């Protein structure tokens with residue numbers, strides 16, 4: 001831990017020495033919530049979000065805040081190890097071509113519904129999920145946009161790995177938006193002093209259970225979404241290199257809330273752009289496009305509510321990156337590294353390496369949260 005802010009109702013424990021003013025202001029809002037528990041934890045990749053900083057961890061006594069989970073419910077990472085020790089550039093390009101043909105990116109969906117076996121079971125009354133279910137059948141197995149990616153990587157263990165970052169697509173967004181609006185109306189009717197962007201459901205409200213149920217469905221949908229994309233990536237690899245075997249699947253969401261036990265009490269831990277890192281729990285921390293990523297093992301540090309960063313974190317906004325970074329400079333750096341990258345024009349610079357923090361510095365700041373198991377060097381990437 002680098003710094004503790006003690007000016008608010010609860011301490012803010014930060015795993016970085018300098019937090020941008022907007023994100024710090026949001027962290028202070030969290031620390032002053034009437035139901036916040038023990039302290040607020042801010043991870044080393046933190047930056048400003050909506051209502052709550054990305055890279056923030058909040059434990060609440062018996063309340064849930066839709067905006068502290070975010071609009072991409074269940075967004076997270078998964079990794080899979082191949083038994084390949086190398087892939088030549090020509091084969092890599094062929095594989096990436098097949099993946100682009102079978103995994104829609106950005107706002108694109110599949111032209112037809114996917115097999116219903118990829119959809120989580122509808123076991124409870126889930127009104128928003130049910131409303132979006134049919135559309136979601138053509139969205140499962142799609143990457144989405146922003147910082148989502150599919151990457152092939154060479155591990156320090158000698159093997160080629162697959163890593164995928166994606167979320168719950170439109171079904172998660174719709175659930176998040178619906179319940180955030182309901183929370184705002186409820187808080188207004190209660191004359192709550194809580195900032196509007198942190199509107200919440202108390203445990204004794206009907207919408208508390210409804211949101212928890214629909215959120216958990218979206219977390220499961222996001223996992224299924226990643227699993228189906230992983231199947232398409234496996235197919236692309238085996239089409240070019242038949243007989244390839246796969247193992248060591250790891251999945252970790254980083255936008256979710258869950259009941260957990262901390263400091264002798266059951267609380268609802270909200271992680272918005274933060275990964276759970278219980279003792280010996282495996283997870284992933286990706287760098288920016290062209291930078292190393294890591295398979296990590298959690299240390300179960302209670303000070304962070306057993307959490308770590310979910311990535312490198314941004315140093316500039318998307319609009320600022322497009323405005324100020326240079327396409328030639330960014331692509332030249334990636335090409336020198338031999339990475340098959342996804343920067344084609346000025347419009348892609350929001351995901352250029354220069355728009356992100358240095359992942360090696362971010363990793364140094366959280367040595368008390370995780371141990372590095374495997375270092376992964378990028379080979380080829382597809383961005384959302």
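If you check residue 64 against the conditions, is it buried (at least 22 other Cβ atoms within 10 Å of the Cβ), under 23 Å from residue 213 (Cα atoms) and under 21 Å from the mean Cα position of the chain (by Cα)? It is true that residue 64 is buried (at least 22 other Cβ atoms within 10 Å of the Cβ), under 23 Å from residue 213 (Cα atoms) and under 21 Å from the mean Cα position of the chain (by Cα). For residue 187, the conditions (1) surrounded by 18 or more Cβ atoms within 10 Å (Cβ to Cβ); (2) under 23 Å from the mean Cα position of the chain (by Cα) all hold with the exception of (2). On the stretch given as region 238-258, residues that are outside any strand (DSSP E or B) and either in contact (Cβ under 8 Å) with a residue 24 or more places away in the chain or within 16 Å of residue 221 (Cβ to Cβ) (or both) total 6.
Say whether the condition of being closer than 20 Å to residue 44 by Cβ and more than 17 Å from the chain's Cα centre (by Cα) is met by at least one residue in region 305-314. Give the derivation first.
To start, the set of residues in region 305-314 that are closer than 20 Å to residue 44 by Cβ comprises 305-314.
Now narrow it down to the ones that are more than 17 Å from the chain's Cα centre (by Cα): 305.
Yes; the residues of region 305-314 include at least one that is closer than 20 Å to residue 44 by Cβ and more than 17 Å from the chain's Cα centre (by Cα).
Could you check, for region 261-273, whether at least one of its residues is under 27 Å from residue 176 (Cβ atoms), within 20 Å of the chain's Cα centre (by Cα) and assigned to a loop (DSSP other than H, G, I, E, B)? Looking for residues that are under 27 Å from residue 176 (Cβ atoms), within 20 Å of the chain's Cα centre (by Cα) and assigned to a loop (DSSP other than H, G, I, E, B), one finds at least one in region 261-273, hence yes. Restricting 273, 283, 290 to residues that are buried (at least 19 other Cβ atoms within 10 Å of the Cβ) and in contact with a helix residue (DSSP H, G or I) (Cβ under 7 Å, 6 or more places away or on another chain) narrows the list to 290.
Of the residues in region 286-297, at least one is under 16 Å from the mean Cα position of the chain (by Cα), within 24 Å of residue 26 (Cβ to Cβ) and touching a residue at least 24 places away in the same chain (Cβ under 8 Å).
Can you list the strands (runs of 3 or more DSSP E) lying wholly within region 1-119 that have 3 or more residues being without any contact (Cβ under 8 Å) to a residue 40 or more places away in the chain?
Values: elements: 3-5, 12-14, 40-47, 54-60, 76-82.
By residue number, 3-5.
Would you check if residue 156 is more than 30 Å from residue 86 (Cα to Cα) and either surrounded by fewer than 22 Cβ atoms within 10 Å (Cβ to Cβ) or without any contact (Cβ under 8 Å) to a residue 24 or more places away in the chain (or both)? Judged against the criteria, residue 156 is not a match. Within region 93-105, can one find any residue that is modelled with pLDDT of 95 or more, under 30 Å from residue 207 (Cα atoms) and touching a strand residue (DSSP E or B) at 6+ places or on another chain (Cβ under 8 Å)? No, there is no match, as no residue in region 93-105 is modelled with pLDDT of 95 or more, under 30 Å from residue 207 (Cα atoms) and touching a strand residue (DSSP E or B) at 6+ places or on another chain (Cβ under 8 Å).
Per the listing 201, 221, the residue uniquely over 27 Å from residue 117 (Cβ atoms), surrounded by 15 or more Cβ atoms within 10 Å (Cβ to Cβ) and touching a residue at least 60 places away in the same chain (Cβ under 8 Å) is 201.
Of all the listed residues (146, 141), the sole one being on the phi > 0 side of the Ramachandran plot and within 15 Å of the chain's Cα centre (by Cα) is 146.
The values are calculated or read from the model by the stated rules, or taken from the named source; none is laboratory data. Only a predicted model underlies this, so the values are computations on that prediction, with no experimental measurement involved. Glycine also receives a Cβ, built like all others from the backbone with ideal geometry; neighbour counts cover every protein chain displayed.
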